[in-house]
1. How large is the dipole of the protein assembly as shown about the Cα centre if only Lys and Arg carry +1 and Asp and Glu carry -1, each at its Cβ, rounded to the nearest 20 debye?
2. With chain B treated as a Gaussian network of Cα nodes joined by springs under 10 Å, which of B:Arg307, B:Arg116, B:Arg153 yields the largest mean-square fluctuation?
3. With both bridge residues required to lie in the protein assembly as shown, what share of the DSSP beta bridges run antiparallel, to the nearest 5%?
4. If the cut-off is 29 Å between C-alpha atoms, which lysines fall inside it for C:Lys229, apart from same-chain ones fewer than 8 positions away?
5. Tell me, what is the FRET efficiency for A:Val86 and A:Glu169 to the nearest 0.05, using R0 = 30 angstrom and their Cβ-Cβ distance as r?
6. Extension gain B:Glu312-B:Ala284, at 0.36 nm per residue separation less the Cα-Cα distance, in nm?
7. So how much accessible area does A:Tyr102 have, in Å² to the nearest 10, using a 1.4 Å probe?
8. Got a sec? Which residues of region B:114-156 lose 30 Å² or more of accessible surface with every protein chain in place, vs. that chain alone, 1.4 Å probe?
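The values are calculated or read from the model by the stated rules, or taken from the named source; none is laboratory data. Please read these numbers as outputs of a predicted model, since none were measured by experiment. Don't worry about glycine lacking a Cβ; one is built from the backbone with ideal geometry, like all the others, and counts go over all protein chains shown. Ligands, DNA and RNA are excluded from the accessible area calculation, which covers all protein heavy atoms including side chains. Shrake-Rupley method; radii C 1.70, N 1.55, O 1.52, S 1.80 Å.
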Amino acid sequence: MPDIFGVPAAVLLGQVLLGLINGSFYAMLSLGLAIIFGMLNVINFAHGAFYMLGAFVTWLCLTQLGLNYWAALVVVPIVVGVFGAVVERLFLRRLYRIDHLYSLLFTFGLALAMEGLFRYLFGAAGKPYPVPETLTGVFRLGFMVLPVYRAWVILASVLVCLLVWLVMEKTRLGAWLRAATENPSLVTAFGINVPLMLTLTYGFCVGLAGFAGVLAAPIYQVSPAMGSSLIVIVFAVVVIGGLGSIGGAILTGLSLGVIEGLTKVFYPSASAIVIFVVMVLVLILRPAGLFGREN
Amino acid sequence: MSMLIKGLAGFTVKYKWIWWIGAFVLAATLLLAPAMVYPLLLINILCFVLFASALNLVLGYAGLLSLGHAAFFGGAAYVTAHAAKTWGLPFEASVLLGTLFAAVLGLVFGLIGIRRYGIYFAMITLALAQMLYFIAVQMPFTGGEDGIQSVPRGMFLGLVDLGDINAMYYVVLGAVVIGLMVLWRTLHSPFGHILAAIRENEPRAVSLGLDVAYYKLIAFVLSATLSGLAGSLKVIAFQLASLNNVSWHLSGEVVLMTLIGGMGTFAGPIIGATFVVTLEHMLATSGLPIALVIGVIFMACVMLFRRGFYGETVARLKVVLDRGHD
Amino acid sequence: MHHPVRRLEVEDLHSWYGESHILHGASLHVNQGEIVTLLGRNGAGKTTMMRTLMGIVQQRKGRAVLDGQDLLAMPAHHVARLGLGFVPEERGIFSSLNVLENLLLPPAFRPSGMALEQIYTLFPNLQGRDTTIGTRLSGGEQQMLAIARILRTGADFILLDEPTEGLAPVIVEDISRALGELKALGLTIILVEQNIRFAMANADRHYVMEQGRVVDEFSNEALQSNMAKINAYLGV
Ligand SMILES: Nc1ncnc2c1ncn2[C@@H]1O[C@H](COP(=O)(O)OP(=O)(O)OP(=O)(O)O)[C@@H](O)[C@H]1O
Ligand SMILES: [Mg+2]
């Protein structure tokens with residue numbers, strides 16, 4: 001294969017694929033954040049903590065209950081989602097009518113508490129989680145060796161994102177949700193139970209973070225800090241994409257993963273901060289974000 | 001009860017000297033405290049009092065939620081530690097350098113984010129601070145996970161050996177009091193009144209022709225500078241610069257201190273910082289998980305008393321007093 | 001002549017936006033098949049009356065009963081199930097939805113709702129516009145869409161807030177004609193209207209509101225002879 005900017009194309013393609021894996025997680029999480037923000041006007045700082053919770057429950061399912069990966073893939077998002085719905089019902093709901101900053105601070109406290117609790121219970125060290133048997137092995141792509149599990153992560157998350165996008169953009173339910181974002185009281189007057197819809201939306205998006213947590217368990221170590229280190233990057237992704245658009249959140253998430261992967265090739269020491277650098281550039285050049293509408 | 005408070009209020013207005021006695025007692029307590037309480041704890045409290053008060057300037061008075069203030073505190077701490085240890089600069093110069101670094105960093109963050117509102121501003125400051133965190137993890141001079149250890153305390157004005165923990169305490173006390181005075185003067189200057197006007201009603205301030213972003217930026221830079229001073233003092237006293245000082249947890253904690261004491265009140269962050277640092281000190285030996293407790297307090301504070309200890313007390317007193325007057 | 005069926009009964013209704021007390025004990029009633037208007041100056045509380053009945057304004061007190069059901073006792077999203085449909089003053093067309101999505105948005109709680117063909121016969125302008133963004137329609141078309149989406153739900157009691165506001169005379173005529181057809185279909189309507197001629201052409205009775213109260217009532221026949229009084233109420 002030829003070289004591109006002095007780097008073998010094989011290496012480059014390999015990093016693009018690896019970047020897509022990180023990008024998948026950015027996309028799933030920023031998608032949830034964008035929907036929650038659109039509907040509830042809440043910046044859900046605890047989103048990373050729910051992702052961490054998903055990974056931990058997956059690990060607990062295996063070690064305590066003997067539930068395997070595939071069962072976890074179904075059970076865990078539901079558990080996490082229900083927990084999220086309860087949080088919305090009991091607490092967040094009371095904060096909608098005051099300054100948005102308070103719901104951000106509340107979820108911030110929630111994230112701290114959840115991370116603290118898991119560190120207390122299970123220690124700070126990462127826990128390994130085995131790759132499910134059916135997904136072990138590798139694809140030999142010629143230019144790289146891609147573990148089957150990683151391919152599965154990209155596939156599953158892209159499919160899930162696409163599904164959510166389709167539901168939001170093409171279905172009646174999606175139309176209700178979009179309408180409720182614009183004018184909740186009119187939608188209520190049309191006979192739709194908007195408060196219930198908000199609870200379900202929050203539960204669903206948080207469940208999606210839990211789903212991402214299940215996918216992450218075999219790749220990254222399951223640890224209490226895995227959520228917070230991710231969520232801050234996802235916030236940067238959200239600032240870059242703008243909070244206005246769901247498709248935008250997905251695209252921005254995936255492409256920033258790729259950009260991060262490419263940076264690993266050309267300038268490895270900057271790969272941890274490249275997303276923040278992009279954020280700064282976007283803020284300077286296009287303050288509302290790439291897909292944003294600012295109010 | 002209301003009679004009592006009403007009487008008390010009248011009393012304090014009538015007898016101004018009560019305030020003087022109060023101030024005297026406070027001063028005496030602060031001066032004698034190291035004889036009674038572990039001085040390093042006191043120093044820690046003082047540093048966070050300054051840090052939270054500095055944050056309050058933007059959070060409480062300018063209405064900007066910064067979730068990245070640890071960058072100023074911890075960034076200054078690294079610079080000061082490096083200056084004192086590797087360059088061998090004296091105490092004053094190291095602290096000054098750290099503080100200056102925080103000021104410049106504040107200007108950069110401010111220029112990038114100041115025109116964005118509310119939650120966007122919060123996310124931007126958080127992300128920028130996290131960028132600094134990652135840089136701190138990677139740069140060789142910060143010592144990565146180990147941090148910069150055994151930072152020399154040096155001499156104050158070349159005369160007083162700060163190796164003596166009591167001397168260290170008094171120097172920190174002096175610096176923090178000066179920092180608080182700067183804040184007090186700022187808030188009671190025309191600039192402070194403009195900030196208040198902007199927070200009250202930003203559109204009106206704009207229509208009056210005020211360059212709102214400019215004033216916010218100044219407040220933000222001043223806040224960053226004083227946060228840096230707090231971080232520099234702490235790193236010298238504790239002789240350790242570490243990643244904890246630049247982490248998002250710390251940014252959150254200092255917001256909590258301000259919130260729990262009372263945002264937008266001068267006494268609030270002082271009370272809040274004292275409370276939180278003392279609590280953490282007690283928790284540290286109890287084996288209970290600090291982050292969990294802090295997180296739960298945070299949630300409780302948002303749900304139950306958003307005005308904080310001080311704000312809530314004042315508000316209740318007012319209600320009682322007003323009722324007394326009717 | 002048979003006795004009219006009483007559908008809506010409002011008595012001593014109060015409501016508040018936060019601290020400000022807007023409805024001050026308004027009373028009125030509407031019979032089956034009637035078109036009743038609310039007249040009154042700007043700020044008299046006509047829109048607030050509708051929003052209070054729909055449960056959009058939640059701070060309220062007094063009595064409002066539709067077909068024997070207490071409107072003030074039920075959650076806001078139940079009101080539509082009674083067959084009450086709301087066409088707001090600002091029309092409430094959603095910019096993130098296209099025309100078809102806007103049209104299909106309110107759930108149809110009753111089987112008697114109009115089919116899309118009927119709707120397109122009533123409002124030909126809406127035909128073939130399915131994929132246009134809702135707010136890209138002209139003002140008159142948006143008004144038609146706002147009415148049409150309620151007709152589709154099978155609502156048989158409609159609150160219509162200033163449907164002709166800011167519309168060209170031709171469009172006003174279209175809407176007037178549609179209103180006539182709805183009346184013929186037996187729908188009951190409360191209409192807020194500034195345009196007296198439009199009101200007279202369509203309504204059976206008229207209420208006058210002033211400062212959050214209903215202060216007067218006229219039959220359509222009596223309106224003509226009381227023009228001076230009406231003009232005084234409306235300040236024209
Ligand atoms: N959301 C709100 N918050 C506070 N006050 C409001 C609100 N909406 C309306 N008001 C006030 O309530 C009063 C009645 O308003 P309302 O919209 O019901 O009047 P209206 O009769 O419909 O007037 P118009 O003919 O201009 O539509 C007005 O004084 C208005 O200022
Ligand atoms: Mg009106």
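1. For this selection, approximately 840 debye.
2. The residue that fluctuates most here is B:Arg116.
3. Rounded to the nearest five, the antiparallel share is 65 percent.
4. By straight Cα distance, C:Lys229 reaches C:Lys46, C:Lys183.
5. Values: r = 29 Å, r/R0 = 0.96.
With R0 = 30 Å, the Cβ-Cβ based efficiency is 0.55.
6. Numbers: separation 28, 0.36 × 28 = 10.08 nm, distance 2.83 nm.
Value of the extension gain: 7.2 nm.
7. My reading of the accessible area for A:Tyr102 is about 40 Å².
8. The answer is B:Arg116, B:Ile119, B:Tyr120, B:Met123, B:Ile124, B:Leu126, B:Ala127, B:Gln130, B:Met131, B:Phe134, B:Gln138.
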